[in-house]
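A short worksheet on the structure shown next.
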Amino acid sequence: MKLIISNVSGIPIYEQIKQQVKAAILSGELKEDEALPSLRTLAKDLKISVLTVTRAYTELEQEGFVKNVQGRGCFVMGRGSELMREQLICKVENGLTDAIKAARIADLPNEELHRLLDILLEANKDD
Amino acid sequence: MSNTLKATKLDFSLVKPYIKVIGFTMLLPIAFAAINRSILTGVSFAMCFIAMTTGYTFSVTEKNSMERLYGILPIKKSEMVTGRYLFVLALGAMALVVSLITQPIVLRAMGESVGAFDMISAAIGGLFLFALYTVFQIPGYYKYGAIKGRVFMYIPVAGFLATLFFLPKMPADNPIVTTVVSSPVLLIGLVLVLVVVMYAVSIWFSIRIMENKEM
Amino acid sequence: MTNYLEVKNLSKSFDSFQLHNISFTLPKGYIMGLIGPNGSGKTTTIKLILNMLKRNGGEIKIMGLDNIADEQKAKSELGVVFDTNYFSDDWQVTQVEKSISVFYPNWKSERFAEMLRKFHIAPTKKVKELSKGMQMKLMLACAFSYDAKLLILDEPTSGLDPVSRDELLQILSEYIEDGEHSVLFSTHITGDLERAADYITYISYGELFFSGSKDEFVDMFRIVKGGTEELTPDLREKAVGVRTFPTGFEALVKTEDTGAFSSLSIEPATIDEIVVFTSKKGDDYE
């Protein structure tokens, strides 16, 4: 997983870590039960405070993305977890909404939109 | 190894760069012994000179602000001070041994006879002089530092002058004085006791100075 | 959580300076920055921890041990780096080991050799031939050789070039990685701490201003910027410190007070800005 910390973005470092871990989970780069980098090693590698990483990981846990196993590390929660599903549905809704908006602008009829979705579903079947 | 001995060892490592000067200081008095044809003179000079070199420990620590090292080492101030005295005594003992070995060889080569009595009296005299110099000097160094503390070395000198001045005025027939002077064993014993007492008092002062000192 | 350093109500009076009721706690496994302008009492605090100065009041515990009653035991777990080295400058690096190692029962010679290799310190060099950065690393190498649990650094970065400063932060991050070591780091170059420190203790003119997590510290304040006419009396009153200049102003404002000024530019504050503004408390500076 790639983690890059910006000093000039104005976004707090713990927030940057959270965003990037979430993105990696949602993109599937981090799979279920996969371990996040060890808290102290990550702090050392990024030369940032241990407490900052702790905060990022704790908040990720509170939000249900990861679970902290005492003494073993932080693991990505299963995709079936309610929250991840919600997040994914939300992502689907957003994507579809974007598609609908674009279809409106292009004056695409609803049947055509459905047909396009079916074609895309067919095309991505093997994935 | 006890902490005191570790401190002594540290002191030896402090003066390591001065090892040649110290060696020279130990051998130079051979010349004085030869000129005066007296081992008493030679040993006395040797002990006075070597007493001066003990100040190197203080000047090296001061130059490098090594009080900070002493501040972080896991060792008591009293151990550190006692270690310094042991170092000083060890250096003095080395100078005494070197003098008592080298000087008789040179003197005998010059045709002088050096008897056991001469050796013992030189050793006792040298030890006493060395103690006299160092017992004032070390607390002075601890209290005032390596440069100002040097003044304390002159206290014994002032003491000698005062003794020379007052001695003739003392009644010569003092019974205590005559008894002591007439018995060498008593004299030696007295000197040894005096040396021990002087060092004990001096160490006590130095420890007090260091314990109250802020670095 | 185990605390490696506990300072409670520490006080010390000098003729012209007083350290008042300083309290802070450094848990095991973290880095704490001790900050404040020069002369604010950072070095005094450190020397009191080391019992090199005698405190007038308060209590200090190093790894649970009283710093005076158990001084020797506590110090055998302690590594210290001062702004300049405390070895004899005529010593070779090998002599440094010979002189110091006897005092530490835990001293590992292989570890010292390993550290010298890692820090590129030639064992045959004399202390005075080493650069300032190298001398600092030599002090660190010693502390690591007896596995000091708590490392105290007094202004280690003053006079160091940026490369050495970065290396030091790297070394410290590695040092605390296993969660078994802590660092107290005094500095007035706060940029060094901006990222790596977990906790901040900020002493200003002998008084404790703040002690707690760095994120919390930085989050306490915001920088509000605007044109000269936007510096209202209300803002001036709420600001902890203001800097005015012909084309505008910059003010340090407590985060909870920034609500009223949301029309102005509000930015996160750096540790440096907080120190600068709070130590000029009360009066504007140009």
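The values are calculated or read from the model by the stated rules, or taken from the named source; none is laboratory data. If you're wondering where the values come from, they're calculated on a predicted model, not measured in any experiment. Neighbour counts are summed over all protein chains in view; Cβ atoms, including those assigned to glycine, are modelled from backbone coordinates with ideal geometry. The protein model used for the area step is the full one, side chains on, heavy atoms only, and it has no ligands, DNA or RNA in it. Shrake-Rupley method; radii C 1.70, N 1.55, O 1.52, S 1.80 Å.
Given the conditions (1) within 30 Å of C:GLY212 (Cβ to Cβ); (2) acidic (Asp, Glu); (3) open to solvent by 80 Å² or more (accessible area, probe 1.4 Å), which single one is not true for A:GLU111?
(1)
Out of (1) within 24 Å of A:GLY10 (Cα to Cα); (2) in contact (Cβ under 8 Å) with a residue 60 or more places away in the chain; (3) of a type in the set (A, V, I, L, M); (4) open to solvent by 10 Å² or more (accessible area, probe 1.4 Å), the odd one out for C:LEU193 is which?
(4)
Applying the selection to segment C:134-159, what residues are at pLDDT below 90 and surrounded by fewer than 20 Cβ atoms within 10 Å (Cβ to Cβ)?
C:SER158, C:GLY159
Here are some residues: A:THR52, A:THR41, A:THR58. Which one is open to solvent by 50 Å² or more (accessible area, probe 1.4 Å), within 14 Å of chain C (Cβ to nearest Cβ) and among the β-branched types (Val, Ile, Thr)?
A:THR58
Inspect all residues belonging to segment B:69-80 and state whether any of them is open to solvent by less than 10 Å² (accessible area, probe 1.4 Å), more than 14 Å from every other protein chain (Cβ to nearest Cβ) and on the phi < 0 side of the Ramachandran plot.
no
Please work out which one of (1) surrounded by fewer than 19 Cβ atoms within 10 Å (Cβ to Cβ); (2) outside any loop (DSSP other than H, G, I, E, B); (3) within 10 Å of chain B (Cβ to nearest Cβ) is the condition C:THR25 fails and give its number.
For C:THR25, the failing item is (3).
Per-residue answers, yes or no, for (1) under 22 Å from B:ARG150 (Cα atoms); (2) in contact with a strand residue (DSSP E or B) (Cβ under 7 Å, 6 or more places away or on another chain); (3) surrounded by fewer than 18 Cβ atoms within 10 Å (Cβ to Cβ):
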{"site": "B:LEU27", "(1), (2), (3)": "no, no, yes"}
{"site": "B:MET47", "(1), (2), (3)": "yes, no, no"}
{"site": "B:THR53", "(1), (2), (3)": "yes, no, no"}
{"site": "B:TYR56", "(1), (2), (3)": "yes, no, no"}
{"site": "B:ARG84", "(1), (2), (3)": "yes, no, no"}
{"site": "B:LEU96", "(1), (2), (3)": "no, no, no"}
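Within segment C:58-80, does at least one residue satisfy the condition of being within 14 Å of chain B (Cβ to nearest Cβ), open to solvent by less than 50 Å² (accessible area, probe 1.4 Å), among the β-branched types (Val, Ile, Thr) and not in a strand (DSSP E or B)?
Checked segment C:58-80: no residue is within 14 Å of chain B (Cβ to nearest Cβ), open to solvent by less than 50 Å² (accessible area, probe 1.4 Å), among the β-branched types (Val, Ile, Thr) and not in a strand (DSSP E or B).
Read through the list (1) within 14 Å of another protein chain (Cβ to nearest Cβ); (2) exposed (fewer than 14 other Cβ atoms within 10 Å of the Cβ); (3) not β-branched (Val, Ile, Thr), then give the number of the only condition that A:GLY95 fails.
It is condition (1) that A:GLY95 fails.
For segment A:24-127, which fully contained helices (runs of 4 or more DSSP H) count at least 1 residues that are of a type in the set (S, T, N, Q) and touching a residue at least 60 places away in the same chain (Cβ under 8 Å)?
It comes to A:82-105.
Test C:ILE203 against the stated conditions and say whether it is within 26 Å of C:HIS20 (Cβ to Cβ), at pLDDT 90 or above and open to solvent by less than 10 Å² (accessible area, probe 1.4 Å). Before the answer, list the steps.
Details: within 26 Å of C:HIS20 (Cβ to Cβ): yes; at pLDDT 90 or above: yes; open to solvent by less than 10 Å² (accessible area, probe 1.4 Å): yes.
It is true that C:ILE203 is within 26 Å of C:HIS20 (Cβ to Cβ), at pLDDT 90 or above and open to solvent by less than 10 Å² (accessible area, probe 1.4 Å).
Within segment C:176-185, restricting attention to residues that are open to solvent by less than 30 Å² (accessible area, probe 1.4 Å) and within 9 Å of chain A (Cβ to nearest Cβ), which residue is farthest from C:VAL80 (Cα to Cα)?
Top of the filtered list is C:GLY179.
Would you say C:THR190 is among the polar types (S, T, N, Q), more than 13 Å from the chain's Cα centre (by Cα) and more than 10 Å from every other protein chain (Cβ to nearest Cβ)? So that I can check it myself, show each step before the final result.
Details: among the polar types (S, T, N, Q): yes; more than 13 Å from the chain's Cα centre (by Cα): no; more than 10 Å from every other protein chain (Cβ to nearest Cβ): yes.
The answer is no for C:THR190.
Got a number for residues in segment B:94-126 being under 12 Å from B:GLY42 (Cα atoms), of a type in the set (Val, Ile, Thr) and modelled with pLDDT under 90?
0
Got a number for residues in segment C:40-57 being out of contact with any helix residue (DSSP H, G or I) (no Cβ under 7 Å at 6 or more places or on another chain) and either more than 24 Å from C:GLY206 (Cβ to Cβ) or within 12 Å of chain B (Cβ to nearest Cβ) (or both)?
Of the residues in that region, 8 qualify.
Can you pull out every residue in segment A:46-59 that is under 22 Å from the mean Cα position of the chain (by Cα) and at pLDDT below 90?
Scanning segment A:46-59 gives a single hit, A:LEU46.
Considering only residues that are more than 13 Å from chain B (Cβ to nearest Cβ), of a type in the set (A, V, I, L, M) and free of Cβ contacts under 8 Å to residues at least 12 places away in the same chain, which ones fall in segment C:89-129?
C:ALA113
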